[in-house]
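Shown next, in structure tokens, is the structure this report addresses.
The values are calculated or read from the model by the stated rules, or taken from the named source; none is laboratory data. What you see is a predicted model; the values in this text were computed from it and never measured. Backbone-built Cβ (ideal geometry, glycine too); neighbour counts: all protein chains shown.
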Amino acid sequence: MARVRGIGGIFFKSKDPQALYAWYKQHLGISADPQAGAFFRRDDSSHPEDMTIWAIFPSSTRYFDPSPAPFMLNYIVDDLEELLKTLREDGVEVDPKMESHEYGKFGWIRDPDGNRIELWEPTAAQESSAPTST
């Protein structure tokens, strides 16, 4: 079974997300919607729904909890439910919560260092945007 097929998102905290978005736009040319982040689309015809989302969260966000890390990675997976089942069987800490949205399903795990990892199974029809929570 394929597990991860790409990076779906890179999320990190900032004391001033608006100013940091402006800095990234000015210096690196990354234009982002502060409510959703920036979207980097892949040119892979086998998975046109795949994209990498880059987003800055307020330093006060609870979205990365219980991890104390100032970042969270999101990985694209093929079959979220099957992967979470396998990870549980392997002894990985799996968050019991799972969410389903029009742009895909989400689940969370923690690595041995306590970092929260988001797993995303995009829907095949999802072509436009996949908002992030803040």
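Could you look through the range 82-131, keep only residues that are touching an Asp or Glu at 6+ places or on another chain (Cβ under 8 Å) and of a type in the set (Asp, Glu), and pick out the one that is modelled with the lowest pLDDT? By that ranking, first place goes to 127. Residues that are among the aliphatic types (A, V, I, L, M) and either under 15 Å from the mean Cα position of the chain (by Cα) or under 21 Å from residue 122 (Cβ atoms) (or both) within the range 9-45 comprise 10, 32, 36, 38, listed in sequence order. The selection criterion, being touching a Gly at 6+ places or on another chain (Cβ under 6 Å) and in contact (Cβ under 8 Å) with a residue 24 or more places away in the chain, does not hold for residue 59. Of all residue pairs spaced 6 or more apart or on separate chains, those with beta-carbon atoms under 8 Å, a first member in the range 30-50 that is assigned to a strand (DSSP E or B) and a second member that is at pLDDT below 85 and exposed (fewer than 14 other Cβ atoms within 10 Å of the Cβ) are 39/129.
Residues of the range 52-67 that are over 14 Å from residue 18 (Cβ atoms) and crowded, with 21+ Cβ neighbours inside 10 Å: 53 alone.
Just one of the listed residues (44, 33) is at pLDDT below 90, surrounded by fewer than 17 Cβ atoms within 10 Å (Cβ to Cβ) and either in contact with a strand residue (DSSP E or B) (Cβ under 8 Å, 6 or more places away or on another chain) or farther than 22 Å from residue 3 by Cα (or both), and it is 33. Considered as a group, the residues in the range 80-124 that are aliphatic (A, V, I, L, M) and in a helix (DSSP H, G or I) include one that is nearest to residue 51 (Cα to Cα), and that residue is 80.
Looking only at residues in the range 75-107 that are without any contact (Cβ under 8 Å) to a residue 12 or more places away in the chain and small (Gly, Ala, Ser), the one that is surrounded by the most Cβ atoms within 10 Å (Cβ to Cβ) is 100.
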